[in-house]
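Below is one structure; the comments refer to it alone.
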Amino acid sequence: MILTHFYLFSSPNINYDNSLGVITMETVHAIYNQIAQNIVNSIRTPWDEAFIDFSYYGDSAKYQGKYLHYSNNELCDFKVGYQSYRLFKQLHEITSGDPEEKWDRVRFVLKQSGEFNIDYEWDQELKDEV
């Protein structure tokens, strides 16, 4: 399990170009920021914390988004969207090159303050199902 803990950069929308094939931490951070921005754009009510659970199967994925409502801490769904799927898939391609760092599940947690955590996990049973 790898736990990454960051704060969002102040840039509201980050576009990155990886056409040169160079993978940098800036590329990974840009993906994190765009996932976070997608979460913010998807939730239309006040919230405290939101997360996306993403399970990657190679050619497909399962994902869901949930958030804690600000006033009553009710857990609610939000639409994750295809753009976030593409970002998680790209993140998988970038970060899973090293056999020691491979993952097939991730939870991306975003707090209203901009602080976020990413918990990568390898689930051999999930891999065996595919």
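Phi angles of the range 85-97 translate, via the Karplus equation with coefficients 6.51, -1.76, 1.60 and θ = phi - 60°, into HN-Hα couplings of 4, 4, 5, 5, 4, 5, 4, 4, 4, 6, 8, 9, x Hz per residue; Gly and Pro are given as x. Counting Lys and Arg as +1 and Asp and Glu as -1 over every other residue whose Cβ lies under 15 Å from the Cβ of GLY114, the net charge comes to -2.
Between HIS69 and GLN83, full extension at 0.36 nm per residue minus the direct alpha carbon distance yields a gain of 2.7 nm. Remark on ASP104: its backbone amide H falls under 5 Å from those of GLU121, TRP122, ASP123, a criterion applied only to residues 5 or more positions apart or on other chains, H modelled at 1.01 Å from N.
Read-outs: derived from the displayed coordinates by stated rules, not from any lab. None of these values were measured; they are calculated from a predicted model. Here the Cβ is made from the backbone with ideal geometry for all residues, glycine too, and neighbour counts use every protein chain on show.
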